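Remarks on the structure that follows.
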Amino acid sequence: MDTFEDDNPFEQDAERITSEDSSSAKVDLSEPPSPPPHSAPPLSPTASTPLSRPFPSPGSRGRPQVNFKTDFCCTRDRFLHSGEDVEILITDAQKTSYNSTSPYIAYVIRTGDAEAFHRYSEFESLRESLVRLYPTIIIPPIPSKQTLGDYAVKQGKAKEDTAMIAQRKRMLQTFLNRLACHPILSNEHVFHRFLDGEVSWNEVLNSPPISLLPKNILKAPSHNPTDQHASPAYAALPNPSSAHPLRSPDQHFLNAEAFTSKFANHLSGPMEKVTRRVVKRWSEYAQDHADLGAALNGFSLNEKRPLAVAIEMTGQAVDTTYVSTTKLLQELEQNWAEPLHEYSQFASIVKKLLAYRHQKHVQCELTQEGLEIKREQLGELEKSEHEAQRLAAALGRGKAAGAGTPEGDANTNDQEHQSPSSPTADSAYLPPHPGPNPTRRKIKPPGMGLLNALSYSLHGLMDVDPETARRNDITKTRETISQLEDALHLSAQDLKYSSSTIQADLDRFQRQKVADLREMCITMAQSHREWCKKNLEAWEEAKKEIDKIPDHPNDPPLAQEPPGGSPSTRRDSAATVNGR
């Protein structure tokens, strides 16, 4: 990972974010927990013993938390911030059908003296809720769902695969401990209720704060998406795509996006591929030694002492290699392959977090751009209104001046003399009937259908007075500008908060990553050392028995050198056979 540290943008001396207060929402505790306390026998062979996986590493957990809190929302909150080295354990996985038409696997979670039962889908809903409640924080991943290929191969037994269940136990336990170690997420009351075995999880999902979450997180405050008193100006914010380009991007976050993509490609590409290949070859190596050990032990039964004992000890040494290799393989999967996959998931999560911040930045720029366009439109409308008012004033002055001159009276008299036969209001003259009034004729609206006819009628009723329309446009534009100004202010605040919070959590994640990778390397070195140590001891014992086998009968002991003579030359057996 040294190649990434030179251009790592996550290292900053950002101010550490303090933990927020937990939610004050209350839940009805009268309902039973999701799965019952009495379930089927455990499916995991190591269900009764706690997991020994070192992740989250001691470095990422840090020292025991110092209790700065004085106000606790519940018993679980008090336990998590007790100042001790807290660890959440998943002690068992049980098959049950409680509140379900089909059986499922329930994982037993122990937090202090409390015990809760949750299925995988409830872990998934917890994480999704935290992602929406905290859009600027890196929420740890949970183990991936099974693929369609797994269901196709294993058919109905896919959900009961003991290896998969054991892996989920380890990774779900890691997920819960990462939440418990987080300076903000550990204070979330939704997380506390998840750990409480007396709370119905369905009730939690349908109660505040989760029930108050908006459909679109981008049109809600970044610091509190469930705020019911948020400004209505949030509704005026645009909903941009994560691929929308920025006019003035932040170079630091561009570097962060590039680094994250590089890190994700390296983990999901060469690292995981090589790790899978190594695990496969170690597995084949262990199986070959298991077969070889069985063959040697069977072969020793056909020989006599001391050769039989030597062959048997050699077979036992091969068996020891098989056992130690199997243990090494398990430790390699748990302490190297699984954390590596987890960090490839982390890379995808950081990408989504940076994409959210990118959308907030685009949202701010689009709001600013829309505000500038509306201000230009308002300027044009006000200019047109000013010109119209000036023209109306000029026409009014012209009419007033023309009405007071003698030429105007003369023109009026001339017009009266030119049309003596024109009808007046007091005359009884009736013009001939022109026939049907063309304006009264029924005009078929364009298009077909009721909607087109209705639209045509509404357009006919609309006021087409240009002055009134222009003034209405000015009023509406001013209202839109006022709303956009409020939206721009809120968007700028959200962008500033998102940038600072995301950067602070990226710094925390970088420290966690360094500690976990260090722990992974140390654990791998210790596993290989133990593997070598056990194999060396087994093969040294086998060598002792092999040394007890007498020399080859065709190799007689060397004759003693006669005094004063040259040493005797041993006869070549090949020469005897060839007759020389």
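The values are calculated or read from the model by the stated rules, or taken from the named source; none is laboratory data. Nothing here was measured: the structure is a model prediction, and the numbers come from that model. A quick note on method: Cβ atoms are made from the backbone with ideal geometry, for glycine too, and the neighbour counts reach across all protein chains shown. Only protein heavy atoms, including side chains, enter the accessible area calculation; ligands, DNA and RNA are left aside. Shrake-Rupley method; radii C 1.70, N 1.55, O 1.52, S 1.80 Å.
What FRET efficiency do you get for residue 202 and residue 273 if R0 is 41 Å and r is their Cβ-Cβ distance, rounded to the nearest 0.05?
0.50
For residue 119, the residues whose amide H sits under 5 Å from its own are 107, ignoring neighbours fewer than 5 places away on the same chain, with H placed 1.01 Å from N. In order along the range 523-528, the Karplus-derived 3J(HN,Hα) couplings, from 6.51 cos²θ - 1.76 cosθ + 1.60 at θ = phi - 60°, round to 5, 5, 5, 5, 5, 5 Hz, and Gly and Pro are given as x. For residue 529, the accessible area of its heavy atoms, probed at 1.4 Å with every protein chain present, is near 150 square angstrom.
Taking amide hydrogens as placed 1.01 Å from N in the peptide plane, the amide H of residue 95 sits under 5 Å from those of 40, 43, 106, each at least 5 positions away in sequence or on another chain.
In plain terms, the chain from residue 401 to residue 301 could stretch by 22.4 nm, reckoned as 0.36 nm per residue minus the Cα-Cα distance. Note on residue 547 and residue 387: their simple-model spin labels are 11.1 nm apart, each label 7 Å out from Cα toward Cβ.
Here the Karplus curve 6.51 cos²θ - 1.76 cosθ + 1.60, taken at θ = phi - 60°, turns the phi angles of the range 102-112 into couplings of 10, x, 8, 9, 10, 9, 8, 10, 10, 10, x Hz, with x standing for Gly and Pro.
Once you charge only the Cβ atoms, +1 for Lys and Arg and -1 for Asp and Glu, what is the size of the charge dipole of the range 259-359 about its Cα centre, to the nearest 20 debye?
Charge dipole of the range 259-359: 660 debye, to the nearest 20.
The residues 88, 217, sorted by heavy-atom accessible surface at 1.4 Å with ligands and nucleic acids left out, run 217, 88 from largest to smallest. Counting Lys and Arg as +1 and Asp and Glu as -1, what is the net charge of the other residues whose Cβ lies under 14 Å from the Cβ of residue 534? Net charge in that neighbourhood comes out at -3.
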